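Trainee: Got a structure for you, written out below as structure tokens; questions coming shortly.
Please treat every number below as a calculation from the coordinates, not as lab data. Just so it is clear, the structure is predicted and the values come from calculations on it, not from any experiment. Using ideal geometry, Cβ is built from the backbone for each residue, glycine included, and neighbour counts are taken over all protein chains shown.
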Amino acid sequence: MFKVSVKFTRTAAHSLKRTMSSQEQDVLFETLNNAGIITLNRPKALNSLNYSMVAKLLPQLREWENQKTLVIIKGAGEKAFCAGGDVKVAIDKVEGPRFFNAEYNVNYLIGKYKIPYVALINGITMGGGLGMSVHGRYRIATEKTMIAMPETKIGLIPDVGGSYFLPRLQVNLGLYLGLTGDRLKGKDVVKSGIATHFVSSKRLYELEMLLSRCTNNVEIDNLLNKFNEPSEEFSLADNIKHINYCFAASTIEEIIERLEKVQNDWSVKTLKTLGQMCPGSLKLTLRALQRGAQLSLGQCLQMEYRVACRATENHDFPEGVRALLIDKDNNPQWKPKTLAEVDDDYVESYFKKLPQDKELQFFDSKL
């Protein structure tokens with residue numbers, strides 16, 4: 001009896017050690033039937049992305065593209081799919097561009113992925129989390145999903161391909177979401193066009209098991225349609241006409257003028273929100289989304305990379321991260337301080353090409 005007990009204890013210790021070592025990995029890769037499964041594995045940090053994670057994702061996704069029927073990506077824990085990139089690191093002049101380079105290469109690959117890419121966006125999905133999901137073929141929202149692109153609050157622009165997917169949303173919704181950082185939840189995420197299907201979070205495990213057995217696109221489509229729940233009325237429905245009108249304006253100043261004319265609870269709240277954002281970021285974001293509407297995903301990412309690299313060298317991005325995430329005094333001192341001070345030269349300086357050796361190169365570039 002004693003021997004058995006000792007043996008069991010050793011086995012238990014061994015299995016505990018294995019569990020602990022797997023927990024230390026920030027991204028997990030598994031094969032299940034015909035699917036490659038990715039788990040973003042930093043639940044305490046809401047699965048926010050760091051360089052280590054994106055550097056591992058690129059080679060694994062490229063390998064699976066030629067070996068699997070599909071790829072499924074999800075977040076560890078119950079709270080988040082991915083709350084974005086680790087911006088405390090991204091503000092560094094050296095580490096920031098290195099991180100953005102690797103991250104944008106993953107975004108680019110997802111956008112041109114040859115096999116179905118299924119993102120289970122259960123929980124918080126912000127910034128870089130949208131970059132890891134929205135460019136793929138299928139995005140599954142649940143009642144726990146909450147999406148946002150909150151970059152204008154920290155002195156950046158909605159990147160990770162935000163300049164590509166936001167201007168392509170209906171009725172200027174993307175310009176509204178990109179400038180205000182407003183959040184959408186649950187079935188609204190499908191209504192907006194950011195998610196493709198809505199499935200109850202209780203059914204995700206079952207869905208994942210069945211998806212992994214699919215052998216082709218038709219089977220995947222049929223299965224997702226069986227699990228999909230019909231969407232309800234969009235929570236922004238009453239203000240869609242106002243969003244479409246206000247955010248069709250060609251300048252931030254004119255957007256504000258139009259909002260002032262609307263005069264309802266939504267417009268008052270939206271004006272207040274815009275007033276809390278970084279003035280430079282608002283103008284940079286509008287310019288990026290206006291240009292991105294005419295560009296491919298790759299061109300958008302190259303444009304965003306120029307802006308992101310310049311943001312690490314300028315005042316507002318490090319200052320926004322300091323005020324909101326490091327010191328948490330919520331009192332950023334923006335430079336330029338007002339919209340009037342953000343002139344065209346300032347905006348254009350962010351979009352100028354970088355030196356050739358510093359430009360964003362994609363992994364499949366012929367150069």
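Trainee: Kindly write out, for the range 286-294 in residue order, the coupling ³J(HN,Hα) from the Karplus curve 6.51 cos²θ - 1.76 cosθ + 1.60 (θ = phi - 60°), rounded to whole Hz, with x marking Gly and Pro.
Mentor: Result, rounded to whole Hz: 4, 4, 5, 6, 4, 6, x, 4, 9.
Trainee: Do any GluC sites (Glu not before Pro) in the range 192-256 lie in a loop, going by DSSP, with at most 11 other beta-carbon atoms within 10 Å of their beta carbon, and if so which? Don't skip to the answer; put the middle values down first.
Mentor: Details: sites: E206, E208, E219, E232, E233, E253, E254; in loops: E232, E233.
Listed in order of number, the matching sites are E233.
Trainee: In the range 22-353, with Lys and Arg counted as +1 and Asp and Glu as -1 at Cβ, which of these residues, W334, L259, T69, has the Cα nearest the positive end of the dipole, that is, farthest along it?
Mentor: Farthest towards the positive pole: T69.
Trainee: In nm, to one decimal, how far is the L169 label point from the Q356 one, both placed 7 Å along Cα→Cβ?
Mentor: According to this spin-label approximation, the distance is 3.9 nm.
Trainee: Another question, if that's okay. Quote the charge dipole size of the range 282-367 about the Cα centre in Debye, to the nearest 20; the model charges only the Cβ of Lys and Arg (+1) and of Asp and Glu (-1). Provide the component values of the computation, followed by the final result.
Mentor: On the way: 13 positive and 14 negative charges, 36 e Å.
That gives a dipole near 180 debye.
Trainee: Starting from the Kirkwood Rh over alpha-carbon pairs, what translational D in µm² s⁻¹ does the chain have by Stokes-Einstein at 10 °C and 1.306 mPa s? Kindly include the intermediate steps, with their values, before the conclusion.
Mentor: On the way: Rh = 21.5 Å.
Estimated via Stokes-Einstein, D reaches 74 µm²/s.
Trainee: Let me ask something else. Restricting to bridges with both residues inside the chain, how much of the DSSP beta-bridge set is antiparallel, in percent to the nearest 5?
Mentor: Numbers: 8 of 29 bridges.
The antiparallel proportion sits near 30 percent.
Trainee: Listed highest first by mean packing, meaning other Cβ atoms within 10 Å per residue, what order do 24-35, 118-129 come in?
Mentor: Numbers: 24-35: 15.4, 118-129: 26.2.
By packing density, highest mean first, the sequence is 118-129, 24-35.
Trainee: Using the Cα centre of the chain as origin and beta-carbon charges of +1 (Lys, Arg) and -1 (Asp, Glu), tell me which of H242, I38, G155 is placed farthest towards the positive end of the dipole.
Mentor: Value computed over the given set: I38.
Trainee: Which whole-number percentage describes the relative contact order of the chain, with Cα contacts under 8 Å and a sequence gap of 6 or more?
Mentor: Numbers: 648 pairs, mean separation 59.8, N = 367.
For the chain, the relative contact order is 16 percent.
Trainee: Nearest 20 debye, what's the magnitude of the dipole of the chain about its Cα centre given +1 on Lys and Arg Cβ and -1 on Asp and Glu Cβ?
Mentor: Details: 48 positive and 42 negative charges, 273 e Å.
Result for the chain is approximately 1300 debye, rounded to the nearest 20.
Trainee: Positive end of the charge dipole of the range 44-130 (Lys, Arg +1 and Asp, Glu -1 on Cβ, about the Cα centre): tell me which of A119, A102, V87 has its Cα farthest that way.
Mentor: The residue sitting most towards the positive pole is A119.
Trainee: Where the centre of each part is set by its Cα atoms, how far does the range 93-150 sit from the range 248-317, in angstrom?
Mentor: That distance is 20 Å.
Trainee: Mind putting a number on the dipole of the range 125-281 about its Cα centre? Charges go on the C-beta only, +1 for Lys and Arg and -1 for Asp and Glu, and I need it in Debye to the nearest 20.
Mentor: Details: 18 positive and 18 negative charges, 52 e Å.
With Lys and Arg at +1 and Asp and Glu at -1, about 240 debye.
Trainee: Also, quick follow-up: By the scheme Lys and Arg +1, Asp and Glu -1, what is the net charge of all other residues having a beta-carbon under 10 Å from that of F227?
Mentor: On the way: positive: R203, K226; negative: E206, E229.
So the surrounding residues net to 0.
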